[in-house]
Structures are given as structure tokens and as C-alpha cells.
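Peer 1: Please read through the structure below; I'll follow up with questions.
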Amino acid sequence: MNNSVTNTARLLWAGLRALLVLTLVTGVVYPLVVTGVAQAAFHGKANGSEVKAGGKVVGSSLIGQQGYGLDYFQGRPAGGLGTNSVNTQYKLILSGATNLAADNKVLIQQVKDAQAAVVKDNSVPGYTVRVSEVPADAVTSSGSGLDPDISPAYAELQVHRVAARNDLPVAQVEKLVKDHTTGRTLGFIGEPRVNVLQLNIALKELTKGS
């Protein structure tokens, strides 16, 4: 009987020690090491790829924002996000696509309406946008609805509007877009892109100095 109790106690103590050691290693040491490496080697990404302007965090380079006025460059539509009364500017708590098939009548109408809006908003005296010139990313949302980037084609389509509304030379705004265009990763992965938040921050700085 005594041996049985002693063996049970020994096994329980061994199990408890194993639990404590594993808890310490996997619950404390490992997270601290991973966090330390991330902060040292990938500080910006580990902290949410924050974008600052005027000394304040204004967003993340990985998260698209909605609600820019027509004085600024517009991002991709976020039709898949639905409505959100908690955070109407960034829509951070909602992510998703429309889940509508390519031949869905609702989606087709949404695209047509978006095309008409893009043509209307970006046609200014001396520059008229045609429907055939509207790129796909101007009228469709991404899979997450949070895409922070637009294609160079969509950015260039907006140049004349942005220049006109901010009293800037078209060439100056074109250069701004070119300076903020990122090429394919490693030269062959993905597509060229323009980060809308960073582009609009640069635009705001440009208008301050004009």
C-alpha cells in the first residue's frame, strides 16, 4: 500500500515538474525569444507596419483605408466588408469578399456603377476618362477587402483629377505616382503596385509646400 502511494506521488510530482518546465519553455521563454528576434530583425513588420505622418501613426501600410475625399487618390472598393458602426474609417474588424460569382447580376451592376463613378469623378476639363480605360482594381474589391495598394494604371488615371483639385501641375503629380510605384518582388513575383496611404501622405506634404 505504502509503495503504491509512494509511486503515485512520485509520478504526480514528475508530471507536475514536466508541466512546469514545458509551461516555462513554451509559454514564457519561446514567446520572449520569438518576440525579441522579431523586434530586432523585423521591427517595423512586428509592430504592424505602422505608417507615421506628422509624428503620429496614421495607419498601416498593409491595411487599406476608406473615406478619402476626391482631393486624394482613391483606394480599391471595399464592397465585401459590409457596414461597421465601430470603426467606419478603417473597417479593421471586418474582412472579406463579396462572395458573388462573376456572372452574378448584382456584382455586374455594382461594377457598372463603379465604372460610371470612376469616369465621372476623374474626368476633368481637358481630360476625359473612357470606360475602357478603367482598370479592374478600380471597380472590384480584393479577397480581403483590405488591399492597401492599387495598380499604377488606376493611380495614373486619377492624376489629372488630383492635380486639378489641388492646383498642382499634372507632371508633378505624375512624378509623385512614379516615385511611389513599387515593382514586382524580386523582379518577377506579383504585380507593380502603389500604396495609397503612403501616396496620399506624400501628396499632402506636397500641397503644404505649394
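Peer 1: For the stretch 100-116, check the following and say yes or no: at least one residue is within 25 Å of the chain's Cα centre (by Cα) and in contact (Cβ under 8 Å) with a residue 40 or more places away in the chain.
Peer 2: no
Peer 1: Something else now. Given (1) modelled with pLDDT under 80; (2) surrounded by 11 or more Cβ atoms within 10 Å (Cβ to Cβ); (3) under 15 Å from the mean Cα position of the chain (by Cα), where does residue 46 come up short, assuming only one miss?
Peer 2: Status for residue 46: all satisfied but (3).
Peer 1: Filtering the stretch 139-155 down to residues that are hydroxyl-bearing (Ser, Thr, Tyr) and in a loop (DSSP other than H, G, I, E, B), which residue is nearest to residue 201 (Cα to Cα)?
Peer 2: Of everything passing the filter in the stretch 139-155, 151 is nearest to residue 201 (Cα to Cα).
Peer 1: Please determine, by comparing only the residues of the stretch 140-165 that are over 23 Å from residue 59 (Cα atoms) and touching a residue at least 60 places away in the same chain (Cβ under 8 Å), which one is farthest from the chain's Cα centre (by Cα).
Peer 2: The selected residue is 165.
Peer 1: Let me ask you something else. Yes or no: the stretch 190-205 includes at least one residue that is more than 20 Å from the chain's Cα centre (by Cα) and closer than 23 Å to residue 50 by Cβ.
Peer 2: Yes, the stretch 190-205 has at least one match.
Peer 1: Of all residues in the stretch 25-73, which are part of a helix (DSSP H, G or I) and basic (Lys, Arg)?
Peer 2: 45
Peer 1: Another one. So, residue 121, is that one among the acidic types (Asp, Glu) and either outside any helix (DSSP H, G or I) or farther than 26 Å from residue 58 by Cα (or both) or not?
Peer 2: Considered against the rule, which asks whether it is among the acidic types (Asp, Glu) and either outside any helix (DSSP H, G or I) or farther than 26 Å from residue 58 by Cα (or both), residue 121 comes out as no.
Peer 1: Now a separate question. Look through the stretch 156-210, keep the residues that are assigned to a strand (DSSP E or B) and among the hydrophobic types (A, V, I, L, M, F, W, C), and return whichever of them is surrounded by the fewest Cβ atoms within 10 Å (Cβ to Cβ).
Peer 2: Residue satisfying both the conditions and the ranking: 189.
Peer 1: Among the residues of the stretch 66-94, count how many are in contact with a helix residue (DSSP H, G or I) (Cβ under 7 Å, 6 or more places away or on another chain), modelled with pLDDT under 80 and under 10 Å from residue 146 (Cβ atoms).
Peer 2: Of the residues in the stretch 66-94, 2 are in contact with a helix residue (DSSP H, G or I) (Cβ under 7 Å, 6 or more places away or on another chain), modelled with pLDDT under 80 and under 10 Å from residue 146 (Cβ atoms).
Peer 1: Somewhere in the stretch 24-41, is a residue closer than 30 Å to residue 201 by Cα and exposed (fewer than 10 other Cβ atoms within 10 Å of the Cβ)?
Peer 2: yes
The values are calculated or read from the model by the stated rules, or taken from the named source; none is laboratory data. In this text the structure is predicted, and so the values were computed from the model without any measurement. Backbone-built Cβ (ideal geometry, glycine too); neighbour counts: all protein chains shown.
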